[in-house]
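First the structure, then my questions, so here it is.
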Amino acid sequence: MSESNDVTRTYSETTDNDCDIKLKIMILGDSMVGKTSLINRYVNDKFGERYLCTIGIDFQEKIISKNGKEVKLQIWDTAGQERYKNVTKSYFQASNGFIIAYDINCKESFNQVKYWIEQIKNMSDEKTKFILVGTKCDLDTREIEEEKGLNLAKKFGIKFFETSAKLNINVNETFNSLVDDILLNYKETRRRSLMISSKKMKKQEKKNCC
């Protein structure tokens, strides 16, 4: 299992030079599904009953330790309103991973999950990691059964969690799971890159010998 010790620092206290790896994560989903609450619980371990709708796009940062490496997470909070969808599209390609969130108490937000998955597949690298999250599982007004979330996640071959930012249920688990997947992908990509570079060097050495 990977070692994980979270250390939260403010933006002014950190620079990219403080960390071994920098990852960008986007949280997608309809307006009011609880994206901001999820981030605020993870980064600041706080929950507020009232949040203003995110306008456009915003982010928070957190530094965690994974397997002896300091990893800076830049977590982008996106607006779910239709008029802001074109704004969020410009950030897709630079992202290392995504969390797609829906409110288990709102059927319409669940129906929109496929839209967000299509956006990721259309505008991101095919190896980009993403995860499905059902929010607000502390409420008793459920419209989407957990099995539906699980089945949808299985269909796309991704992980699934039901969460509550209010009660801090599965919040850390969600982010840690996604980061682990991203880092495995990062490690494999780097290994392949080194192998290709090594082969090129050997070919060049053979040419120089001739």
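The values are calculated or read from the model by the stated rules, or taken from the named source; none is laboratory data. Bear in mind the structure is a predicted one, so any value in this text is a computation, not a measurement. Neighbour counts are summed over all protein chains in view; Cβ atoms, including those assigned to glycine, are modelled from backbone coordinates with ideal geometry.
Could you go through region 103-123 and let me know if any residue there is in contact with a helix residue (DSSP H, G or I) (Cβ under 6 Å, 6 or more places away or on another chain) and among the charged types (D, E, K, R).
Yes, region 103-123 contains a residue that is in contact with a helix residue (DSSP H, G or I) (Cβ under 6 Å, 6 or more places away or on another chain) and among the charged types (D, E, K, R).
Separate question: Check off (1) more than 19 Å from Ala165 (Cβ to Cβ); (2) at pLDDT 85 or above for Gly134 and give me the number that stays unchecked.
(1)
Among the residues of region 1-36, what is the count of those that are among the charged types (D, E, K, R), surrounded by fewer than 21 Cβ atoms within 10 Å (Cβ to Cβ) and at pLDDT 60 or above?
Total meeting the criteria: 4.
Considering only residues of region 158-188 that are closer than 21 Å to Asp45 by Cα and of a type in the set (D, E, K, R), which is surrounded by the fewest Cβ atoms within 10 Å (Cβ to Cβ)?
Applying the first criterion (closer than 21 Å to Asp45 by Cα) to region 158-188 yields 161-180.
With of a type in the set (D, E, K, R) added as a condition, the list becomes 162, 166, 173, 180.
On the way: Glu162: 20, Lys166: 18, Glu173: 12, Asp180: 17.
Only one residue tops the list, namely Glu173.
Among residues belonging to region 125-171 that are under 13 Å from Ser37 (Cβ atoms) and touching a residue at least 60 places away in the same chain (Cβ under 8 Å), point out the one that is farthest from the chain's Cα centre (by Cα).
Lys166
Looking at region 50-65, can you tell me whether even one residue there is among the hydrophobic types (A, V, I, L, M, F, W, C), modelled with pLDDT under 90 and either in a helix (DSSP H, G or I) or in contact with a strand residue (DSSP E or B) (Cβ under 9 Å, 6 or more places away or on another chain) (or both)?
Yes, because at least one residue in region 50-65 is among the hydrophobic types (A, V, I, L, M, F, W, C), modelled with pLDDT under 90 and either in a helix (DSSP H, G or I) or in contact with a strand residue (DSSP E or B) (Cβ under 9 Å, 6 or more places away or on another chain) (or both).
Further, regarding this structure: Note down all Cβ pairs under 7 Å where the first residue falls in region 65-77 and is within 23 Å of Asp30 (Cβ to Cβ), the second is among the hydroxyl-bearing types (Ser, Thr, Tyr) and buried (at least 19 other Cβ atoms within 10 Å of the Cβ), and they're at least six residues apart or on different chains.
Within 7 Å, the pairs are Asp77/Thr36; Asp77/Thr54.
If you don't mind, another one. State yes or no: is Gln81 over 30 Å from Asp20 (Cα atoms) and either modelled with pLDDT of 90 or more or touching a helix residue (DSSP H, G or I) at 6+ places or on another chain (Cβ under 6 Å) (or both)?
Working: over 30 Å from Asp20 (Cα atoms): yes; either modelled with pLDDT of 90 or more or touching a helix residue (DSSP H, G or I) at 6+ places or on another chain (Cβ under 6 Å) (or both): no.
It is false that Gln81 is over 30 Å from Asp20 (Cα atoms) and either modelled with pLDDT of 90 or more or touching a helix residue (DSSP H, G or I) at 6+ places or on another chain (Cβ under 6 Å) (or both).
Scanning region 106-124 for residues that are farther than 11 Å from Ser95 by Cα and among the β-branched types (Val, Ile, Thr), which turns out farthest from the chain's Cα centre (by Cα)?
First pass over region 106-124, keeping only residues farther than 11 Å from Ser95 by Cα: 106-119, 121-122.
Remaining after also requiring among the β-branched types (Val, Ile, Thr): 113, 117.
Values: Val113: 15, Ile117: 13 Å.
Only one residue tops the list, namely Val113.
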